[in-house]
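Colleague: Take a look at the following structure, please.
Here, each number is a calculation from the coordinates, and none is a lab measurement. Keep in mind that this is a model prediction, so the values were computed, not measured. FYI the Cβ positions are ideal-geometry reconstructions off the backbone, even for glycines, and counts take in every protein chain you see.
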Amino acid sequence: MKNDPPAKLDSSKIRADFPIFKRLIRGKPLIYLDNPATTQHPQCVIDAISNFYSQHNANIRRATHLLSYEATQLYEEAHKKVAAFIGADNWHEIVFTRNATEALNLIAYAWGYWNLQEGDEILLTIMEHHSNIVPWQMLQNMKGIKLKYAMTTPEGRLDMDDFRRQLTSKVKLVSINHASNVLGTINPVKEMVLLAKNINAVTIIDGAQSVPHIPVNVKEIGCDFMAVSGHKMLGPTGSGFLYGKKKLMEKMHPFLYGGDMIDEVTLHNATWNELPWKYEAGTPAIADAIGLGAAIDYLSALGMENIMHYEQELNRYCLEQLQQIPDITIHGPLSTHDRLGVFTFNLNGISSHEVANLLDTYGIAVRSGNHCAQPLANHLHMGDTLRIGFYIYNTRKEIDVMIEILKKALALF
Ligand SMILES: Cc1ncc(COP(=O)(O)O)c(C=O)c1O
């Protein structure tokens, strides 16, 4: 990422694809900087969902009629788009879930519950989102396994020495954030997976923040599982997916039980369907998966390398501007080459909720609070913070407007 070519995205063209930017918020043009929470939708995603309901709506894989055939084709096609996007070998390795949280819970119940025993250890990092902490706490309480956390350095990078130190032979599972939703830090997941493989630990990457923003290839990383939120990459809310290596997924127990995930059912027994259906019990969110497929088409047409470089330029500019504000504390690495366009900060002495409310009166959507990472906030003594995060439709001009209001907040409060 060091010698970035110039950004190739045309943000004004991109913005025209997103109907929400035609809306005024409190009489002002919307400046949407809450992208780490969820992103906006281009018209093609909205159209794909609407087209499914108006032209192809039927349940999948259950009937011989034409609509069911079409719905099944579209739904399977969405799996294939996801697989190609993250470099999976096979679309059967993609399971649609409602979000990254559900994907992580799937692994906890379908793999962790059956394979971990008292005394086994799970290694996480202190910069995990709650969704990559709490499912493992459930296993800690149910199975008597131990949770451990690799810490960060003071500047908000992962402490790799601590990670190596904690990677003992008792560790059976390593579940790590590819990119922090608070600090923006991009973790060296390829190296971490390699280290974990040396002790035969199963590896999970939480790709919720990385997959929407940088090129990600699961084969290159070498992880066993990856959990991703579709709604953070232009897809509909209620869309997400799990990638899992075929060999592991075939051996694992199901997560949810019922229709569609079975092969044969007798009075007291059942056998399981093939991948990925074994993990997609009941009628899935068909339209949402198709919408996610359309989002992937849109991102792929822009090019993930281009997206990464475009956001990199915004990062650079934003960091420069933020650093010129007096009385600001920026959390996370003060570099731009190994971080995402996520900035978390405090205006010293001012409640982050008050600043967020002030920004809202100018049509600027940001997040305030602990960003679903309380252990990290406590570890770094951050308290409540403001968070902004960029995506393909954000511009330098929007950063300028936000910076002006932050300065106003300092003068006002
Ligand atoms: C790093 C990370 N992991 C997991 C999640 C959970 O995502 P979802 O709400 O889609 O389950 C988030 C959401 O913000 C996140 O930032």
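Colleague: Of all chymotrypsin sites (Phe, Trp or Tyr not before Pro) in segment 81-134, which ones are in loop regions per DSSP and have a Cβ with at most 13 other Cβ atoms within 10 Å?
Modeller: Answer in residue order: no site qualifies.
Colleague: Based on the Cα gyration tensor of the chain, what are the three equivalent ellipsoid semi-axes, each the root of five times an eigenvalue, rounded to whole Å and given largest first?
Modeller: 35, 28, 18
Colleague: Now, a different point. Order these by the 10 Å Cβ neighbour count, fewest first: Leu195, Leu242. Working shown, then result.
Modeller: On the way: Leu195 17, Leu242 26.
Ascending number of Cβ neighbours within 10 Å: Leu195, Leu242.
Colleague: Turning to a different aspect of this structure: Using only Cα atoms, locate the centre of segment 96-115 and the centre of segment 127-145, then give the distance between them in Å, rounded to an integer.
Modeller: 11 Å
Colleague: So for the chain: antiparallel DSSP bridges make up what percent, rounded to the nearest 5?
Modeller: Antiparallel bridges: around 60 percent, rounded to the nearest 5.
Colleague: So, in Å, what gap is there between the alpha-carbon centers of segment 199-248 and segment 354-391?
Modeller: Rounded to whole Å, the Cα centres lie 25 Å apart.
Colleague: Which of the GluC sites (Glu not before Pro) across segment 142-234 are loop residues per DSSP, with 13 or fewer other Cβ within 10 Å?
Modeller: Sparse-neighbourhood loop GluC sites (Glu not before Pro): Glu155.
Colleague: Still on this structure, please answer the following. List the residue ranges in the chain for DSSP H helices whose C-alpha atoms run 30 angstrom or more along the long axis and whose Kyte-Doolittle average is -1.0 or above. Spell out each step's value before the answer.
Modeller: Values: long enough: 66-86 (31 Å, 0.05).
Long hydrophobic helices here: 66-86.
Colleague: Rounded to whole Å, give me the distance from the Cα center of segment 292-314 to that of segment 1-76.
Modeller: So the two Cα centres are separated by 13 Å.
Colleague: Right, something else. For Ala179, list long-range residues whose amide hydrogen, built 1.01 Å from N in the peptide plane, is under 5 Å from its own amide hydrogen.
Modeller: Hits under the 5 Å cutoff: Asn187, Gln209, Ser210.
Colleague: What residue among Pro19, Pro333, Pro254 shows peak mean-square fluctuation when the chain is described by a Gaussian network model with Cα springs under 10 Å?
Modeller: Pro19
Colleague: Same structure again: Can you tell which of Ala227, Thr64, Ala110 lies farthest toward the positive end of the dipole of segment 46-301, using +1 and -1 charges on the Cβ of basic and acidic side chains (Lys, Arg; Asp, Glu)?
Modeller: Highest projection toward the positive end goes to Ala110.
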